[in-house]
Amino acid sequence: NVPEDQADKLLLASWGLPKAVLEKYHSLGVVQMFEWQAECLMLGQVLEGKNLVYSAPTSAGKTLVAELLILKRVLETHKKALLILPFVSVAKEKKCYLQ
């Protein structure tokens, strides 16, 4: 669980994302994460590029964790990222969403 003194980590705005990115998420109704999502991002050195393996049911929010990790790394390191998705329909959706 997310410690009480770090409850603000549930809010997307507390992760240092640019205003335009936050506005896009907010327009889609995503303002905060589930506790397990914030826990994933706070584990070890995952934000510094270390590996993360996590599992959750379909539609539980796994993609949000991956998106936030990718966005933060790309913005901080100015390097490219490769996002592999399982279906063409999901890839098209993410392409439009991330543009």
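How many residues are free of Cβ contacts under 8 Å to residues at least 60 places away in the same chain and open to solvent by 60 Å² or more (accessible area, probe 1.4 Å) if we restrict to region 10-27? Write out each step before concluding.
Residues of region 10-27 that are free of Cβ contacts under 8 Å to residues at least 60 places away in the same chain, as a first pass: 10-23, 25-27.
Keeping just the survivors that are open to solvent by 60 Å² or more (accessible area, probe 1.4 Å) gives 11, 13, 16, 19-20, 23, 26-27.
Within region 10-27, residues that are free of Cβ contacts under 8 Å to residues at least 60 places away in the same chain and open to solvent by 60 Å² or more (accessible area, probe 1.4 Å) number 8.
What single numbered condition from (1) farther than 20 Å from Leu12 by Cα; (2) of a type in the set (Asp, Glu); (3) under 12 Å from the mean Cα position of the chain (by Cα) fails to hold for Glu93?
The failed condition is (3).
Do you know which of the residues in region 55-85 that are open to solvent by less than 100 Å² (accessible area, probe 1.4 Å) and in a loop (DSSP other than H, G, I, E, B) is modelled with the lowest pLDDT?
First, pick out the residues of region 55-85 that are open to solvent by less than 100 Å² (accessible area, probe 1.4 Å): 56-57, 60-75, 77, 81, 83, 85.
Checking which are in a loop (DSSP other than H, G, I, E, B) leaves us with 56-57, 60-61, 81, 83, 85.
Details: Ala56: 91, Pro57: 91, Ala60: 91, Gly61: 90, Ala81: 87, Leu83: 85, Leu85: 82.
Result: Leu85.
Look through region 1-46, keep the residues that are small (Gly, Ala, Ser) and assigned to a helix (DSSP H, G or I), and return whichever of them is nearest to the chain's Cα centre (by Cα).
Ala38
Restricting to region 1-14, name every residue that is among the hydrophobic types (A, V, I, L, M, F, W, C) and at pLDDT 90 or above.
If the condition is that a residue be among the hydrophobic types (A, V, I, L, M, F, W, C) and at pLDDT 90 or above, then Leu10, Leu11, Leu12, Ala13 are the ones that fit.
Out of all the residues in region 39-49, which are under 22 Å from Leu98 (Cα atoms) and surrounded by 15 or more Cβ atoms within 10 Å (Cβ to Cβ)?
Listed by number, the residues that qualify are Cys40, Leu41, Val46, Leu47.
Residues of region 28-38 being within 16 Å of Leu98 (Cα to Cα) and open to solvent by less than 80 Å² (accessible area, probe 1.4 Å), which ones?
Step one: list which residues in region 28-38 are within 16 Å of Leu98 (Cα to Cα), which gives 28-30.
Matches in region 28-38: Gly29, Val30.
Which of the numbered conditions does Leu52 fail, given that it passes all the others? Conditions: (1) open to solvent by less than 70 Å² (accessible area, probe 1.4 Å); (2) assigned to a helix (DSSP H, G or I).
For Leu52, the exception is condition (2).
The values are calculated or read from the model by the stated rules, or taken from the named source; none is laboratory data. Computed from a predicted structure; not experimentally measured. So basically every Cβ, Gly included, is an ideal-geometry build from the backbone, and we count neighbours across all protein chains shown. Heavy atoms of the whole protein, side chains included, go into the accessibility calculation; ligands, DNA and RNA do not. Shrake-Rupley method; radii C 1.70, N 1.55, O 1.52, S 1.80 Å.
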